[in-house]
Amino acid sequence: MRALILLTAIALFALPGCSSDDCVDADECFKGEACVEGRCQQATGNNANNVNNANNVNNANNANNANNVNNANNSNSSNNSNNANNSNTNQACIADPFDACMDEENSNNNTWPGQAVTSMTRGCPVGNELRTLDTVISGRMCPLEPADIYRFIFYECEVGFVIEGILTPKDDCDPSLVKFDISGYGGRCGGDNENLRCEVRPDGTQHIQLLVPGTDFAQGSEVYFYVETPEEVDVEFEYDLQLIVRP
């Protein structure tokens, strides 16, 4: 009986795949064994190939995952760089109200009726002869100012003409921080007057064009150009305001 038990034990140890532990890959088996269908077994040629293939697949997946992580990191870095650039542009004209400019030289344009654009009336002050204009006013918008207002008087006549205002900020301001508007004859930007056109150009300049149709009644009128900033933000910038009267 003892001989039978001894022979049985020797036979069990001689069988291939002696390890009975469950496995996921060959690293969990003894040297010379392969993980086949979840069990550690004696490695054969086919099993070894399967193990190598599995390892290759895992390595490829790991490499792809690493590449994806790197690509994601690069993408995040690019986004962060873009966000930083946008932030710098948006903050270019933001000012500290406790350490900001005071536009004392042109303080007369801070309240209505504003600063007169020119001492000479334009349009058709005499007869139907159009008197044109092309002038540039340099100004500075400070955080504590409500607005810079420019008053422009003109005469209508039988000859139609265009009044145009072009605002060019000298600083690299975000367009949302600079407001350019008109009132008086023709209404305000955003209204329903088909003879009034307001737009922000790609270069950051803001254009207002007002068409004054010809009329049989020669009469004086006026418009007001406003340079403003959002109330919730303290903004400081210099600008050029070009005013034009043309056919």
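Restricting attention to region 238-247, and to residues there that are over 17 Å from Arg140 (Cα atoms) and not charged (D, E, K, R), which single residue is least open to solvent (accessible area, probe 1.4 Å)?
Val245
Tell me which residues, restricted to region 208-237, are more than 26 Å from Gly127 (Cα to Cα), surrounded by fewer than 16 Cβ atoms within 10 Å (Cβ to Cβ) and touching a residue at least 40 places away in the same chain (Cβ under 8 Å).
Of everything in region 208-237, those that are more than 26 Å from Gly127 (Cα to Cα), surrounded by fewer than 16 Cβ atoms within 10 Å (Cβ to Cβ) and touching a residue at least 40 places away in the same chain (Cβ under 8 Å) turn out to be Pro230, Val233.
When Arg151 is evaluated against the numbered criteria (1) of a type in the set (D, E, K, R); (2) under 30 Å from Phe217 (Cα atoms); (3) in contact with a Cys (Cβ under 8 Å, 6 or more places away or on another chain), which criterion, by number, is the only one it fails?
(3)
I'd like the residue in region 135-172 that is open to solvent by 20 Å² or more (accessible area, probe 1.4 Å) and within 23 Å of the chain's Cα centre (by Cα) and, out of all such residues, is farthest from Asn109 (Cα to Cα).
Only one residue tops the list, namely Asp172.
Mind checking which residues of region 91-133 are within 34 Å of the chain's Cα centre (by Cα), modelled with pLDDT of 80 or more and in a loop (DSSP other than H, G, I, E, B)?
Those that are within 34 Å of the chain's Cα centre (by Cα), modelled with pLDDT of 80 or more and in a loop (DSSP other than H, G, I, E, B): Cys93, Ala95, Asp96, Cys101.
Checking the structure you have, find out if any residue of region 185-201 is hydrophobic (A, V, I, L, M, F, W, C) and either surrounded by fewer than 17 Cβ atoms within 10 Å (Cβ to Cβ) or more than 27 Å from the chain's Cα centre (by Cα) (or both).
yes
The values are calculated or read from the model by the stated rules, or taken from the named source; none is laboratory data. Values in this document were obtained by computation on a predicted structure and should not be read as measured data. Note that we place each Cβ from the backbone using ideal geometry, even for glycine, and neighbour counts take in every protein chain shown. The protein model used for the area step is the full one, side chains on, heavy atoms only, and it has no ligands, DNA or RNA in it. Shrake-Rupley method; radii C 1.70, N 1.55, O 1.52, S 1.80 Å.
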